[in-house]
Amino acid sequence: MSLINYLNTLLRSAGPMIAIYKKVVADMPKEKDAIKVVILEDDDLLRELLGEWLGSQSDITVIDQFATAIAFASATEGSVKDADILIIDVVLPDGDGVETALASMQQNGTSPGLIVVSGQANVHLFERLSNQMEGGWAFLLKNSNGLANLRQAIAAVRSGFVMVDPQLKRLSANESNEFALTDQETSMMQLVAEGKANAVIAHEVFASEKTVERVLGHVYQKYGLVGTSKTENPRVKATLIFRGLAK
């Protein structure tokens, strides 16, 4: 079920109770350190549904929503500056959502988490995110995600990790045998691509964190990433190579 259909079903299943639902959400107490979210999405229905669902979470506060790049940019020194996470569509009627978000971060000197929700992806997009994002980021396909992936993406970017939609097909192919991974390396890289920390990976594969670090170190060697940490994050680059999103 697509993200928009899931949200639509969830919020409309209450029928005549939707007004009561909205009031309950509005009155629901938030955690003291609730995650502040700003949404940039030109699809009115999806933006509204995202706002409603995120606002229903006790640990999340939606502080602003925008439909255009111009409106978002006008709030760069306001609500956008205060956001912990930006949820951004790429293609907007008046510009590029990712470029707009990155420009606001540079102007403010802030590094909020970035979740890109889009119906399309390309290698250039991932190169931009990998090269320009200092904090955590995630990419979710607009037409394939349920709420579980969105919550997982929020957790990942808040921890400074990268997450790529598990339904996203490879955008480039690496045929070289030097990139062939063992079963253990593959299973761990799959968890890395889901935005999980080494401690979580160790728990899921029944291994120590040192073992996880050692295995990932072997992956970085195979991908030619050893000694590149000063210029790029090997964990991010390895994730993109593993998913076929970079060479």
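The values are calculated or read from the model by the stated rules, or taken from the named source; none is laboratory data. Please read all numbers here as calculations on a predicted model, not as lab measurements. Note that each Cβ is placed from the backbone with ideal geometry, even for glycine, and that neighbours are counted across all protein chains shown.
Among the helices (runs of 4 or more DSSP H) confined to the stretch 180-247, the ones with at least 2 residues that are free of Cβ contacts under 8 Å to residues at least 24 places away in the same chain and within 20 Å of residue 168 (Cα to Cα) are located at 183-193. Here residue 227 meets each of (1) modelled with pLDDT of 85 or more; (2) exposed (fewer than 13 other Cβ atoms within 10 Å of the Cβ); (3) at positive phi with one exception, condition (1). Residue 54 satisfies every condition listed in (1) at pLDDT 95 or above; (2) not in a strand (DSSP E or B) except (1).
Candidates are the residues of the stretch 47-67 that are in contact with a Leu (Cβ under 9 Å, 6 or more places away or on another chain) and of a type in the set (Val, Ile, Thr); the one that is surrounded by the most Cβ atoms within 10 Å (Cβ to Cβ) is 62.
Kindly indicate whether any position in the stretch 147-154 is surrounded by 15 or more Cβ atoms within 10 Å (Cβ to Cβ) and either assigned by TED's automatic domain parsing to the domain that holds residue 191 or within 14 Å of residue 240 (Cα to Cα) (or both). No.
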